[in-house]
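> After the structure tokens below, expect a handful of questions from me.
The values are calculated or read from the model by the stated rules, or taken from the named source; none is laboratory data. Note that the structure is a prediction, hence the values are computed from the model and not measured. Please note: Cβ atoms are built from the backbone with ideal geometry, for glycine as well, and neighbour counts cover all protein chains shown. Each accessible area value is taken on the protein alone, full model and side chains, heavy atoms only, with ligands, DNA and RNA left out. Shrake-Rupley method; radii C 1.70, N 1.55, O 1.52, S 1.80 Å.
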Amino acid sequence: TVSAYTVGTSVTADGTRYYYNNTYTSARWDDEDVDDEDSGVTTNDLVTYSLGNDYTLVLDGYGYVIYSDGTSSVNDYVYVADMAHSGGVRGDLEADAYFVDGTSTVITIDNDDEFTVDDNSNDPQNPGWYLYDEKSNGDYELNEVDDDYSGTISSGTVTTNGSSTVYVGATGHNTVRANNSTIFVVNEDDDVTVYTGIRNVPDISANSTATVAVVMDGSYAEVVYIGADDLSISGESGDRV
């Protein structure tokens with residue numbers, strides 16, 4: 001449980017202060033846009049924590065942090081397929097949510113005043129990837145993602161096993177590149193499967209209109225959501241010997 005942290009320097013977990021390994025910090029904070037030349041901290045990728053929450057720290061043999069699942073972790077992403085109020089004008093704002101571990105559920109949105117929702121519309125309300133923070137009361141605070149794209153594919157190929165190309169169908173971003181770290185959340189009529197990496201994602205084609213939403217990490221997709229009522233899925237690693 002993290003009780004304190006100094007950005008770019010250390011994190012205190014379970015009452016013990018752990019300093020970052022220099023190799024780890026130099027890898028996470030490069031020399032561009034340096035705010036503090038002595039510390040090497042930049043504005044690009046600052047690791048932060050929600051105090052009082054649990055995190056994983058991996059230490060080297062000398063007790064220095066070489067990995068932390070702070071706010072840069074893909075586990076902080078959730079895909080929202082739709083939003084609606086739970087009955088009445090003062091009802092809670094709820095979302096149909098899909099997490100990167102393959103779980104899906106209806107969540108209550110804590111910062112509901114930041115979203116405009118038309119409960120009478122047949123169109124999905126505010127769909128897309130969000131960063132989330134689960135509150136102590138079980139509600140979720142959702143925040144927009146900066147570098148994300150969303151599109152639709154009426155039919156045809158979305159992914160091909162072993163290929164780095166993902167077809168998104170978004171204006172200006174018809175395709176994006178994936179790598180062996182990309183997480184794919186595939187939702188076929190509420191049957192959700194998660195794949196990690198282009199070597200493991202199967203051939204996926206849309207037989208009905210598919211939604212494809214991507215969060216980018218530089219030049220590569222970090223997380224990909226593929227959702228449709230009818231998908232053709234084949235070529236998984238389990239199908240080969």
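> Out of the residues in region 193-219 that are among the aliphatic types (A, V, I, L, M) and part of a loop (DSSP other than H, G, I, E, B), state the one that is least open to solvent (accessible area, probe 1.4 Å). It would help to see each step written out before you state the result.
Step one: list which residues in region 193-219 are among the aliphatic types (A, V, I, L, M), which gives 194, 198, 201, 204, 206, 210, 212-216.
If we keep only those that are part of a loop (DSSP other than H, G, I, E, B) as well, we get 198, 201.
Details: ILE198: 27, VAL201: 2 Å².
The extreme case among them is VAL201.
> While we're looking at this one, here's another question. For region 76-109, which residues satisfy the criterion of being open to solvent by less than 20 Å² (accessible area, probe 1.4 Å) and either charged (D, E, K, R) or not in a strand (DSSP E or B) (or both)?
The answer is GLY91, VAL100.
> Tell me the residue from THR159, THR182, THR171 that is within 21 Å of ASP148 (Cβ to Cβ) and open to solvent by 10 Å² or more (accessible area, probe 1.4 Å), please.
The unique qualifying residue is THR171.
> Does ASP112 fit the bill of being within 19 Å of TYR149 (Cα to Cα) and either without any contact (Cβ under 8 Å) to a residue 60 or more places away in the chain or buried (at least 18 other Cβ atoms within 10 Å of the Cβ) (or both)?
Considered against the rule, which asks whether it is within 19 Å of TYR149 (Cα to Cα) and either without any contact (Cβ under 8 Å) to a residue 60 or more places away in the chain or buried (at least 18 other Cβ atoms within 10 Å of the Cβ) (or both), ASP112 comes out as no.
> Same structure again: Please enumerate the residues belonging to region 179-204 that are without any contact (Cβ under 8 Å) to a residue 40 or more places away in the chain and under 17 Å from ASP96 (Cα atoms).
ASP191
So that you can scan it fast, the table gives a plain yes or no per residue for (1) touching a residue at least 40 places away in the same chain (Cβ under 8 Å); (2) within 19 Å of the chain's Cα centre (by Cα):
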site: VAL80; (1), (2): yes, yes
site: MET83; (1), (2): yes, yes
site: THR108; (1), (2): no, yes
site: VAL117; (1), (2): no, no
site: ASP123; (1), (2): no, no
site: TYR132; (1), (2): yes, yes
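> What tally of residues in region 53-69 results from selecting those that are in a loop (DSSP other than H, G, I, E, B) and at pLDDT 75 or above?
Within region 53-69, the subset in a loop (DSSP other than H, G, I, E, B) is 53-56, 60-64, 69.
This time we only want the ones that are at pLDDT 75 or above, so: 53-56, 60-64.
Of the residues in region 53-69, 9 are in a loop (DSSP other than H, G, I, E, B) and at pLDDT 75 or above.
> If you don't mind, there's one more thing I want to ask. Counting only residues that are charged (D, E, K, R) and open to solvent by less than 60 Å² (accessible area, probe 1.4 Å), how many does region 220-234 have?
Total satisfying the criteria: 1.
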